[in-house]
Structure formats: C-alpha cells, structure tokens
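A short worksheet on the structure shown next.
We did not get these values from a lab; they are worked out from the coordinates using the rules stated. Small disclaimer: the values here were computed from a predicted structure and weren't measured. Virtual Cβ from ideal backbone geometry, glycine too; neighbours counted across all protein chains shown.
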There are 2 protein chains.
Amino acid sequence: MTTLIDGRSIAAEVRAEVAAGVAQLVAARGAPPGLATVLVGDDPASQVYIRSKRAACTHAGMVDLHRHLPVNVSQQEACAVLDELAGDPAVSGILLQLPLPPHLDAEALLARIPAAKDVDGLTTANAGLLAQGRPGLRPCTPAGVVRLLDRCGVELRGAEAVVVGRSLLVGRPMAQLLLQRDATVTLAHSRTRDLARVCLRADVLVVAAGIPQLIGADAVKPGATVIDVGIHRVDGALVGDVDARAVTGVAGHLSPVPGGVGPMTIAMLLANTLAAAEEQGKLGA
Amino acid sequence: MTTLIDGRSIAAEVRAEVAAGVAQLVAARGAPPGLATVLVGDDPASQVYIRSKRAACTHAGMVDLHRHLPVNVSQQEACAVLDELAGDPAVSGILLQLPLPPHLDAEALLARIPAAKDVDGLTTANAGLLAQGRPGLRPCTPAGVVRLLDRCGVELRGAEAVVVGRSLLVGRPMAQLLLQRDATVTLAHSRTRDLARVCLRADVLVVAAGIPQLIGADAVKPGATVIDVGIHRVDGALVGDVDARAVTGVAGHLSPVPGGVGPMTIAMLLANTLAAAEEQGKLGA
C-alpha cells in the first residue's frame, strides 16, 4: 500500500498558520509583512509564477510590493532597485525571479539582497548559515519537503536519506536540511554509478534530478518514503522525476505530481517572509 | 597489500610549491604574503600549534605577523585587533587560533575576518561559497585530504565516498569538497545506524569522528582508500579514529597516524595564504 502525500492540503495548513501569524504581527506592531517580488522582462512562465506568489502573499494578509522591471533594464538600474528594497523597512522579504535576461549578472544581483530579507534562501550568506547549521532563511522547496515529511510522521533521525540531484536550489540544501535532522545523507547526481542501487538503500528518497521518470521500482526500497520534486509535461501529461505508476505499491509514502511538493514552495515562501518580518521586528527595524 | 600514504612527504611537496609561489610573488610585486596568526591567552596546546604555523610561514618566505593577546582581552579589544588586520594590506591571511577563552564570542570574532583573508576557511561566508561550489578559501584539513587523495591517484569521480563525522572544521566541508569532485557522498555521524555497514560501501572513507579506533576491519571494503583524520593519545601512543592494525591488509591505501593527514593541515594553510595574497594582488590591494 502506497499512501499519497497530499501536498495541497499540507500547503493550505501552512498558509493558514502564516495568515494567523501575520494577524498576530499586525496586532502587535501595526504593520504587516511586505514581500517585494522582482520580475525582469515578460517571460510567460515567470509571469505565471510571480502572479501566484503575489496572490498568495495578499491572501495571507501581507503587503504585495511587486516591482516589474523592463527586459532591457541595466545591471546598475536593477542593482539600485534591489538596494532601495534592501533599505526599505516596509520590505520584509525580497524575491528576485529567475531566470534573468542574459545581459544581467544574476549572481551579483542576488548578492545585493541582505541575508535577513532573502526569503528564497538562495544567497551565499544563507547557504553558509545552512552549511554551518546556524539559523537563517532556508530555500523554499527543500524546506517544504521537510514539512511534508514531518506532517506524514516520517522519522528522519538515523534514517538513510538519499537525495538525487545537486542543484543549488533543491538538492544541496535538501541534503543539508536532512543532515540537520540527523539523517544519514547521501547526495547522488549525474556522475553517480548505479543510481538505482544507491537509491535502494534509502528510507527517505528525495528526487530532484530534472529528468522525467528517472526513478523506477528497481530504485525504491519497499516501504520507503519517496518525494518527487520534478515536474515535466510529457505527451500532454504532467509527470515527475519518479515513475509514479511503477513505484506505487512499493513506496510507503509517495508525493504525487502535481499536488505534492509543488504547492509547498509558495507556502514556504510565505512562511519565510513572515519569519523575516518577525526577526526584523526583534531587531527593532 | 595496504599502501601507507606518506603525508609528510606530500606536505613537503606542497610547502616547496608554496615557497616557489612566494618567490614568484616577491619577484613580481616586491612584497611577500603576510600571515597574521592571532593567539589569545597561553593554552599550551595552542602555543605549540601557533609556533608550528609561524615557523612554517617564515620557512616558506612569508612574513610572520603574529599577535598575542592577553587571556583577559575584552571582546571589543579582540574585535579591534581583527579589524585592524582586516584593513592592513600587508596582511594576506588571518588565522584566529581556537579555542578561545570562554568569555569571548568566537563566532562574532570569526565574523570580523573578511572572506578574502580567511585562510582557515571557517567563516560563514566561505562555507557559503563552498556549499554553492563557488571559488573561495577552503578549510585546511579537508583540502589537505583532497590533496593526499589526488597525489595517490585515487579516482574520485563517481566513487562512493563516506565521511564519518559532521564537524564544521572537517566533516561537513570534506563532504562538500568530495561532492565537488563528483563523488557520490554519504555523510555519516553519531546518529547513523549501523555505521560499519554504511562505511563498507565506501571506495573512499574519510574518518573524522574524534573517537579513538572507531573504525575496524568490518567497516572497510577490501581495497578502499581510508583517510584517518583523528589523533588521540591512548596509553602513551598516538592512534587515530581508525584501528590501523586491524585495517592493514584490507584497505588499499591508508593514511597513518601520525604522519598522514596531520602534516597536510599547515601545508594547506600556507597554500591558502599564498592564494589569498595572489587574489588580493589581482584586486590591486
């Protein structure tokens, strides 16, 4: 029996918690948290993502401080906008939507975001805090995965966890977060030999490889928890990095695509924005 | 047949390379690199370490800019010294010898060291650069281990590597460095269940657990490369985290204690100091 993990309902719980936290903050301080999403240009996929983030932010009672910059904005102008947001006490969190047009230096722009407002958890400063196990803002998708695992009662302490994929956005911080929860963590990737054999040892398998249906039944230990971070459109249908049909009946828990990890990302963005606002309040900002 | 890894001779090679690099830098720029070791108080073990580092630095042609602060130095005074060193163009690298007296906040003091002068590679900024796979100064001991592995011709790409111990100083950065070299990396630690079974899968096993003779023959795959980072005095003899006698004949390569990893740490400190001076030169400092 494979239990599907209901990411939509767990994300809804997180959003409700955030909305309650926002209301408390408003009662205590008068001002709600503000989220500054920054979109450069008119990439249709980015526009969809940004629209969802802004709607979720408003829905949670936060202030939408969106900035839309023209596709031909200069590095200097983009820097100036980020610096202004960094210094603005009404801005609790800054999210620079990636990818950027190729003439911009994304790394240099991300570096303008202060660690305390980096609600995407992508700056080098927050990567360092995570690597050292110190408090900081964590990347939204892996933080959402931990939330799913906790909500499903999956024991992480002492568990064998395998993360497939080593992206800065998901795989690497995922491994760090699982380590912080006392799992024995293996990070596998494109150079891993005999991937199925490595995955077979996992009590908890998180797949963020970006390859449709990479993981089949031969790579899943019976009863393991399988989290599928991938999402791809193949022949008109949405599929993940896991072959869900093959793995059903082998895995103990499985996060479906869609409706598994996906909804958690925006929910954790809201949670990060609230946490950032709370910390800034403590510091008297 | 187990081949012992001769850390002393490999460290001597590194030191000779650094001395040659220093001579080149002096020829090009006139000024040699300067290393500011900072010792607080009179802990005898720390004094021994600092003496070795200063001697190695001078021997490589660098300038010894040591500072000795009294055991009762205030946080503010210690900060002021680090800030002065941070701003001094003659100082290529700063090394704050740990542990500090308990009245000082080590984390806050380390944070005063600019990433570009952090030749111990211990600041959060350098941990973030390492976690993101970006250029930066790496912690000396794990960097020394990679050097040993390379010098012995151990293939890391696609190898199964297991690191035992998750300290900020060794285990965590070690795992990152092995990942950067395309190994499939498992980080095991005190909460790992059945440690021997986990270690048995390793082509490359790095043990930095701080427990004398933790790893026996039952934890080593025949032919594996075993790197022992531990050093302990037990019944008057120096031993590592690996039971060397038991593992001899099973491991393919083994780093002995003493004479394995130990000599590499100071050698890599010198290499970091030279690299820092070279980078600062490029920036026109």
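Starting from the Kirkwood Rh over alpha-carbon pairs, what translational D in µm² s⁻¹ does the stretch A:59-124 have by Stokes-Einstein at 25 °C and 0.890 mPa s? D, rounded to a whole number, is 196 µm²/s. Simple spin-label estimate for B:Arg134 and A:His103 gives 2.3 nm between the two label positions (7 Å along the Cα-to-Cβ direction from each Cα). Measuring between their Cα centroids, the stretch B:195-219 and the stretch B:1-37 lie 31 Å from each other. Shielding value for A:123-130 is 6, the average number of Cβ atoms from other chains within 10 Å of each residue's Cβ. Measuring r between the beta carbons of A:Thr248 and A:Cys152 and using R0 = 22 Å, the FRET efficiency lands at 0.85.
Considering only chain A, what is the antiparallel percent among its DSSP beta bridges, to the nearest 5? Don't jump to the answer; show the numbers that get you there.
Details: 3 of 31 bridges.
Just about 10 percent of them are antiparallel.
The length gained by stretching the chain between B:Glu17 and B:Asp235 to full extension, at 0.36 nm per residue less their Cα-Cα distance, is 74.7 nm. For B:Ser74 and B:Ala196, the difference between the fully extended length at 0.36 nm per residue and the C-alpha to C-alpha distance is 39.3 nm. Between the helical axis of A:44-59 and the longest alpha-carbon principal axis of chain A there is an angle of about 70 degrees. Among B:Thr192, B:Thr58, B:Thr273, the largest mean-square fluctuation in a Gaussian network model of chain B (Cα springs under 10 Å) belongs to B:Thr192. Each other copy holds its own label point for B:Ala16; taking that point as 7 Å from Cα along Cα to Cβ, the gaps run 7.1 nm, nearest first.
Build a GNM of chain A with springs between Cα atoms under 10 Å apart, and of A:Val247, A:Val26, A:Val163 the one that fluctuates most is A:Val26.
The residues neighbouring B:Leu169, those whose beta-carbon lies less than 12 Å from its own, together hold a net charge of +2 under the Lys/Arg +1, Asp/Glu -1 convention. Considering only DSSP beta bridges where both residues belong to the stretch B:188-247, give the percentage that are antiparallel (nearest 5). For the stretch B:188-247, the DSSP antiparallel bridge percentage is about 40. Of B:Pro142, B:His103, B:Ser92, which is farthest on the positive side of the dipole of chain B, counting Cα position, with +1 on Lys and Arg Cβ, -1 on Asp and Glu Cβ, and the Cα centre as origin? It is B:Pro142, whose Cα lies furthest towards the positive end. Taking springs between alpha-carbon atoms closer than 10 angstrom, which of A:Ile94, A:Ile113, A:Ile211 fluctuates most in the Gaussian network model of chain A? Maximum among the listed residues: A:Ile211. Of the DSSP beta bridges with both residues in the protein assembly as shown, give the percent that are antiparallel, rounding to the nearest 5. Antiparallel bridges: around 15 percent, rounded to the nearest 5. All distinct Cα pairs of the stretch A:140-262 go into the 1/r average, and the inverse of that average, the Kirkwood radius, is 13.9 Å.
For the stretch B:121-161, what mean projected area does the convex hull of the alpha carbons give, in nm²?
On the way: hull surface 13.3 nm².
It is 3.3 nm².
Cα convex hull of the stretch A:46-198: mean projected area in nm², to one decimal?
The orientation-averaged projected area of the Cα hull of the stretch A:46-198 comes to 11.1 nm².
Once fully extended, how much extra length lies between A:Glu278 and A:Arg51, figured as 0.36 nm per residue of separation less the alpha-carbon to alpha-carbon distance?
Working: separation 227, 0.36 × 227 = 81.72 nm, distance 2.46 nm.
Additional length available on full extension: 79.3 nm.
Tell me the volume per residue, in Å³, of the convex hull enclosing the alpha carbons of chain B. Don't jump to the answer; show the numbers that get you there.
On the way: hull volume 37.2 nm³, N = 285.
Residue-normalised Cα hull volume stands at 130 Å³.
Each other copy places its own label point for B:Val63 at 5.1 nm from this one, sorted shortest first, where the point lies 7 Å along the Cα-to-beta carbon line.
How large is the helix-only mean residue ellipticity at 222 nm for chain A, computed as the sum of -39500 (n - 2.57) over DSSP H runs with n ≥ 4, divided by its residue count, in deg cm²/dmol to the nearest 500?
When only DSSP H runs of four or more count, the value is -12500 deg cm²/dmol.
Other residues with beta-carbon under 15 Å from the beta-carbon of A:Glu77 carry, at +1 per Lys or Arg and -1 per Asp or Glu, a net charge of -1.
Between A:Asp88 and B:Ala90, the distance separating the two model label sites (each 7 Å from Cα on the Cα→Cβ line) works out to 4.7 nm. Please give the helix B:140-151 orientation as an angle from the longest Cα principal axis of chain B, in degrees from 0 to 90, rounded to the nearest 10. Orientation of helix B:140-151: about 50 degrees from the principal axis.
With N as its number of residues, the stretch B:168-217 has a Cα radius of gyration that, divided by 2.2 N^0.38 Å, comes to 1.13. Projecting 7 Å from Cα along the Cα-to-Cβ direction, the label point of A:Ala237 sits 6.4 nm from its equivalents in the other copies, listed shortest first. Closest approach of any chain B Cβ to the axis that rotates B onto A belongs to B:Gly128, 1, distance given in whole Å.
Both radii are taken from the alpha-carbon atoms of the protein assembly as shown; with Rh as the Kirkwood radius, Rg/Rh is 0.99.
Could you order the peptides A:4-11, B:173-180 from most to least packed, using the average number of other C-beta atoms within 10 Å per residue? Walk me through the intermediate numbers first.
On the way: A:4-11: 19.2, B:173-180: 24.8.
For the peptides A:4-11, B:173-180, the packing ranking is B:173-180, A:4-11.
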